[in-house]
Structure formats: structure tokens, C-alpha cells
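Remarks on the structure that follows.
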Amino acid sequence: MADLSIEFCGIKSPNPFWLASAPPTDKAYNVVRAFEAGWGGVVWKTLGEDPPAVNVSSRYSAIYGKNREVIGFNNIELITDRLLDVNLREITQVKKDWPDRALIVSLMLPCEEAPWAAILPLIEATGADGIELNFGCPHGMPERGMGAAVGQVPDYVEMVTRWCKKHTRLPVIVKLTPNITDVRAPARAALAGGADAVSLINTVNSITHLDLDRMVAFPAVGNASTHGGYCGAAVKPIALNMVAEIARDPATRNLPISGIGGIGNWRDAAEFIALGAGSVQVCTAAMLHGFRIVEEMKDGLSRWMDEKGYRSIADFTRKAVPNTTDWKYLDMNYQVIAQIDQDKCIKCGKCYVACEDTSHQAIAQIVGEKDSRTYEVIRDECVGCNLCEITCPVEGCITMVPQETGKEYMNWTQDPRNPRAEGVR
């Protein structure tokens, strides 16, 4: 049976599934229930200076798919609204009672050294395993010079990280904001400041939708609203890309990464780990489905690892990183052609409409007796774009079949069609 235990920048955990710093980790009651359910670790909801933050009502909104499935989740909640001393007492007791679980404390303070120097010994005294610097919160706190206001400035990231390394012996994890042009810059800055690891992504600036009768966005606070932090399944592609960018950057390729963003099942977790994450953090899925989802996550990951022959998490960590590259290095001579399985085809015509209207007119609609319809790929016109496969409602009906071209690998830097290709004058 696969071993799910991990060691992340010196922090041991029975499995890679951690709860992210958020409402699910706001107090001892929640965290204990999470540990009882089987979570390997938690990042305690962000602590700050007293007096604590004051939140508004309401706080959440969502984007729905069919059957009211939550695709994206938006929140305008701030850091902890509980007194620092209360949080510290609870953290101390929880760590004492659950010594085998990872317990990280998230922190957010003004961009001055003194507050950091004052709080860090208090965190160490709790017995916590590490700290996470919240440089990503996109709402409420940036207006106070914290959160994303720090994370968007690499010099600030390096400076505060250096302060923390100076004033604590605990591992320092820097949580990065996705609300930035190039996530590699703050990751490099965190490393330069001495960070032991980074975690990402924090939430994405967003307004989910409006009440068009009242002309107020959600979540509505009286007759007004504001932008919030977007998370959930919808942000997973953004998060995967940013994790991969850091993992394959020569400057940060050895920097441990805790992956966050839209993780809702074991497959999501495996993808993050394969692209560079050493642990994964979950929030939205737990808020929507409860703490027991970790049972399926652990079971599914373990079964998949057994099937693939992976004995430990380390066996496939970063395994997909070498296969992730810049566009210019992709093989220009690689070719796939769509193929329709007529036995599975339900004759809905979605592939034909999509290709005919918006793509390459590479699917023929053949009208037969009694106005029957058959759809066939026009091979000479198919560019292998995958649109037909994506629009088809029947899994496995349309597949993309690799073609033997007889041509050797050639990327864009070598392609004679590129006026700046090597050897082209």
C-alpha cells in the first residue's frame, strides 16, 4: 500500500492534504474535527495584531454550473476576528493533543519589523511547526498596506521574509498572490529573503455577479459590495500554471511548494504534486462538502499510486515538470487528427456546429435517408485543435489520434517559417 506521508521543509505530516488558512481553520473546534476526519495538517487562519479585524455581513458569493454546482467561490472575509491570545492558547492545545499533524500558523502584520519581531516568539511558544506569511489576501487588507499589497512588490516580499528568518527558527512559508503579472518574481524574492518554501495561489480578485434589480454586486453588504477573493474549481488552471512556473524556473526549481487552488479530489492533488507541489492545501471543497472529503482524497490517491507503482509521494513529485516547457520548444511536426467512433456517436451534431461555425470546417454532415445525420472528419482539413472532442457530450466518442508524419522534431526556434529561426537569414 502506498505511503502517503510527507516531509515538507522539515515538517512531517501523515499525508499531503492540509486545510488552507481560511474559515475552516478559524478555531480549535474546527481544526480538531478536521484532524479527527484525517487531514494531515492545517494552516491556522491568519493571525494579526490586536484589536482583531472586524468582518461584514454577508461575505460569500458563487458562480454556479448546472444543478447549482459551485464552480467558483468568492469571499470578502478578512483575517481572524478573534483575539490573538485566544488563538495562541488554542493553537498550543491543539498541537499538544495532535503532535503527529502539521500545524502551520498564517500571519499578516504591518510592513514594519517590530510587529513581526514581537509576534514570532509567541508563535514559537505554541509548538507550531511553521509559519505562513500571508502576502496574498486581495481584499480589505491591501488597503491597510498588508496582504497582496506586500505580495505584489518583490522587494517587500524579500524584506519581510528576511525579518521573519531573523526572528524565528521555524520554517517560513511565503504565500504568494496570483494578482501579479509574473509569479516568478515574488517567488525569487521569497527565496532571496531566506524562505524555506512558498505556497500558492491565494485568491484571485473578482466580482462574481450582480443583482440587476438592485444594481449591487454579490455578496451584498446593504446597498454596496466590493471585489473579493475568487477560489474553487475555477481557479485550478491558474494555480497549476503558477506552480509549474516556479517549479521549472532555474532560480526556484528546488524551492519547496505547497499547492493551493481548486483542489477538490485526489486527482487534483496528484496533478499539483506532479507539477511541483510537496503538499496541497484545500479550502473551498471542504467548505462545500465538509471535512470527510479527505477520506476519498486519501483513498483515491493511494489506489492510484498503487496502480502506477508509486510507493511514496516523492516518487512522482515534480514528475511532469520536465514535460512542461515554453511554446517555442513544442514540436511543430507533431500532428493529431480527430476520429469519431460511429458506434458511440449519438448524432447530436455539436462537433459539426462548433467546427463549421468557429473552427476549420473539418467535419462533414452527411444527410441520409429519412433525414438521418452522420458526421465524419475531413482529414485533410483537420488541424487537430481538439474543439470537437471538447464539445462532444459522449466521453471517448471523439479521440485525437497521433499521425506518423515522417518528420523529425523541430521547434519554432528552428522552423524556417520563423524569420528569426536559427540558420534563417
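The values are calculated or read from the model by the stated rules, or taken from the named source; none is laboratory data. This structure is a prediction, so every number in the text was calculated from the model and none was measured. Virtual Cβ from ideal backbone geometry, glycine too; neighbours counted across all protein chains shown.
Is there any pair linking a residue in region 80-104 that is assigned by TED's automatic domain parsing to the domain that holds Glu132 to one that is assigned to a helix (DSSP H, G or I) and loosely packed, with under 14 Cβ neighbours inside 10 Å, with Cβ under 8 Å and at least six apart or on different chains, and which? Listed by first residue and then by second, the contacts come to Leu88/Ala125; Thr92/Ala125.
Of all residue pairs spaced 6 or more apart or on separate chains, those with beta-carbon atoms under 7 Å, a first member in region 15-40 that is farther than 23 Å from Glu77 by Cα and touching a residue at least 40 places away in the same chain (Cβ under 8 Å) and a second member that is of a type in the set (Ser, Thr, Tyr) and outside any helix (DSSP H, G or I) are Asn15/Ser5; Pro16/Ser279; Gly40/Ser13. Starting from residues that are part of a loop (DSSP other than H, G, I, E, B) and not aliphatic (A, V, I, L, M), keep the ones in region 216-238 and report whichever is nearest to Leu176 (Cα to Cα). Among those residues, the one meeting the criterion is Gly232. The residue pairs whose first member lies in region 276-289 and is in the same structural domain as Lys12 (by TED's automatic domain parsing), whose second member is surrounded by fewer than 24 Cβ atoms within 10 Å (Cβ to Cβ) and among the charged types (D, E, K, R), and whose beta carbons are closer than 8 Å, counting only pairs six or more residues apart or on different chains, are Gly276/Arg248; Gly276/Arg318; Val280/Asp268. Counting only strands (runs of 3 or more DSSP E) that fall entirely inside region 38-106 and contain at least 1 residues that are over 26 Å from Phe218 (Cα atoms), the qualifying elements are 41-47.
Within region 17-37, if we keep just the residues that are among the small types (Gly, Ala, Ser) and crowded, with 19+ Cβ neighbours inside 10 Å, the residue that is nearest to Phe291 (Cα to Cα) turns out to be Ala34. For region 387-423, the candidate set comprises residues that are of a type in the set (Gly, Ala, Ser) and surrounded by fewer than 15 Cβ atoms within 10 Å (Cβ to Cβ); within that set, the residue that is farthest from the chain's Cα centre (by Cα) is Gly423. For Asp306, indicate whether it is in contact (Cβ under 8 Å) with a residue 60 or more places away in the chain, assigned to a helix (DSSP H, G or I), out of contact with any helix residue (DSSP H, G or I) (no Cβ under 7 Å at 6 or more places or on another chain) and in the same structural domain as Ala277 (by TED's automatic domain parsing). Considered against the rule, which asks whether it is in contact (Cβ under 8 Å) with a residue 60 or more places away in the chain, assigned to a helix (DSSP H, G or I), out of contact with any helix residue (DSSP H, G or I) (no Cβ under 7 Å at 6 or more places or on another chain) and in the same structural domain as Ala277 (by TED's automatic domain parsing), Asp306 comes out as yes.
List, please: which pairs have Cβ atoms under 6 Å, are six or more places apart or on different chains, and start with a residue in region 135-156 that is within 17 Å of Leu107 (Cβ to Cβ) and surrounded by fewer than 18 Cβ atoms within 10 Å (Cβ to Cβ) and end with one that is of a type outside the set (Asp, Glu) and at pLDDT 85 or above? Once the first residue is within 17 Å of Leu107 (Cβ to Cβ) and surrounded by fewer than 18 Cβ atoms within 10 Å (Cβ to Cβ) and sits in region 135-156, its partners that are of a type outside the set (Asp, Glu) and at pLDDT 85 or above give Gly145/Cys111.
Applying the set (1) surrounded by fewer than 14 Cβ atoms within 10 Å (Cβ to Cβ); (2) in contact with a Pro (Cβ under 9 Å, 6 or more places away or on another chain) to Pro51 leaves exactly one unmet item: (2).
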